[in-house]
Each structure stands twice: as C-alpha cells, then as structure tokens.
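Read the figures in this text as sums done on the coordinates, not as results from a lab. Just so you know, these numbers come straight off a predicted model, no measurement behind them. Reconstructed Cβ throughout: ideal geometry from the backbone, glycine too, with neighbour counts over all protein chains shown.
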Ligand SMILES: C[S@@+](CC[C@H](N)C(=O)[O-])C[C@H]1O[C@@H](n2cnc3c(N)ncnc32)[C@H](O)[C@@H]1O
C-alpha cells in the first residue's frame, strides 16, 4: 500500500520513478516504519521496515548474480531454520551462564536437557564439568545441530538430537534449561508443569514465564547482566490461568 502511495506521489510530482528508484523506496520505508510504529509493532521491526526497500534498491545497483542471494537464503535457513514459526532466534549462552548452571547442578548425578541447544557449547561445558551427569540437547536447525554434534563428540555423557523439543517428554529430567524468547514461554510453562517431575527445576535464561513468580532469580555479573529464572513447575499448570490465554504456537 505504501509502495502504491509512493508511486502515486511520484506520478503527481512527475518524478521519473525509474530514474530515481531510491526516492519511492525511501518513502515506502518511512511509511512502513510509521505504520509499524502506529500498530505498536516490536521496536526492532522499525529499522527493518525503514531499511528494507531502500537497501533492496541499493543492492540492485551492485549487479550481484542472483545465485548469491539464493546462497545467502539457504545459509540463513540452515542456521535459523523456521524462526518464523518458532519465534526463537539463535543466540548463545555465555561462559558465565555455563558456570552458573554448573553450580546449580545437584551433587548427585542428574539428567539435564537444553531445549534448543544451539551449537552445543553449553552442553560441552557442563558435560566436562560434571562427567557423572547426563546431558541432552535437542536442536532443529541443521547447521547448529551439526556444530553441536561436532563440539560434543567424544563426550559419552552428552546426546545431541535433531528434532523439535516440543515433542520431547520432560519427565525424566531434573533440570530443564531454556534460552528461547518471550513468545514460547507460556506454552513451555504448560508443557513443563504437566510433564516435569516433582522437585525438577525449569531454568529460563532471560525470559520469565508471564504471570508466574519464579521460585528463584539469579542475576549474573556478566556484561549483559543475564538473569536466570528458576521454577518448580510440576503440577502447577492451573496457576498459569486458562490455557486458552496461551495458544500453542
Ligand atoms: C536462543 S538459542 C539458545 C541456544 C542454546 N540453548 C544456548 O543457550 O546457547 C535457541 C535455540 O533453540 C532452537 N530452537 C527453537 N525452537 C526449537 C524447537 N522447537 N525445537 C528444537 N530447537 C529449537 C533454535 O534453533 C536455537 O538454536
């Protein structure tokens, strides 16, 4: 719609649309960003709306072979997979978080799962720190999954599987770790509270479960001031209110 408006504007001002394509592209970008702002879209969408059309016009001027765009698309698909559906991008737990998690493991051997294990660096750290515990990682994105397999090769107490963690039963894990995004947290809470065993701990890095008070909050002294939210979800599904308020994604 904004592009059409830009086109009409170009016609009215008798501007040669094809000679100066950056101008309608800029009008389109500004218009799209304003609409996104008006619609209260998350802030990070604004620069994307603003920059998309102008950048597309600029890149066209570089005369890049179409194969490169296809290659870039395939590469980002292999890294991020279906972020459009999962609403969980790839970012990795840092070393301070790995150290804090290792400290949270009880003295007795337990099973730990990383839901969406990324490139496996967290599992590698934990598995080396605690050879007596068993660590499982589930990852659906092909390239991070391959990297995780590679990073954890030779560690007998780690299993990295490619798949969808929503299909993984959580009943046998004493600790379930998630570093996801705000979007899946209500659904994760429902799953955790119906599947996790009594006393088992759900640890969420950075994203709290809405409307649920964590049992413990740990603030790390790293640069990004990581917050870990600890819950004991077993049997608490009702506390999250009507499940219809938390639709599956
Ligand atoms: C923010 S990253 C965290 C990576 C790792 N857990 C860490 O802390 O370093 C989230 C990861 O979850 C993966 N992911 C998202 N939804 C998933 C799903 N339904 N099944 C498996 N992996 C998923 C993403 O591909 C991404 O690698």
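Determine, from the Cβ-Cβ distance of residue 87 and residue 20 and an R0 of 51 Å, the FRET efficiency 1/(1 + (r/R0)^6), rounded to the nearest 0.05. The formula returns an efficiency of 0.85 here.
Sorting the segments 105-112, 157-164, 71-78 by their residues' average number of neighbouring beta-carbon atoms within 10 angstrom, most packed first, yields 157-164, 105-112, 71-78. Rounded to 0.05, the FRET efficiency of the residue 8 and residue 40 pair, given R0 = 35 Å and the Cβ-Cβ distance, is 0.85.
With the simple model of a label 7 Å out from the Cα in the direction of the Cβ, residue 227 to residue 69 spans 4.2 nm. Against the main long axis of the alpha-carbon atoms of the chain, helix 185-195 sits at an angle near 30°. Its alpha carbons give region 1-153 an Rg and a Dmax of 23.2, 77 Å. A simple packing score, the average count of other Cβ atoms within 10 Å per residue, orders the peptides 186-195, 215-224 as 186-195, 215-224, with the highest score first. Using only the C-alpha atoms, the convex hull of region 95-245 corresponds to 108 Å³ per residue. Where does helix 95-104 land angle-wise versus the long Cα axis of the chain, in degrees 0 to 90, nearest 10? Rounded to the nearest ten degrees, it is 30.
For region 95-245, the relative contact order is 20 percent, taking Cα pairs closer than 8 Å that sit 6 or more residues apart in sequence and dividing their mean separation by the residue count. The alpha carbons of region 75-140 stretch over 39, 20, 17 Å along the principal axes, in descending order. Full extension of the chain between residue 211 and residue 30 yields a length gain of 61.6 nm, computed as 0.36 nm times the residue separation minus the alpha carbon distance. Annotation: extensible slack from residue 107 through residue 77 equals 6.8 nm (criterion: 0.36 nm per residue apart, minus Cα-Cα distance).
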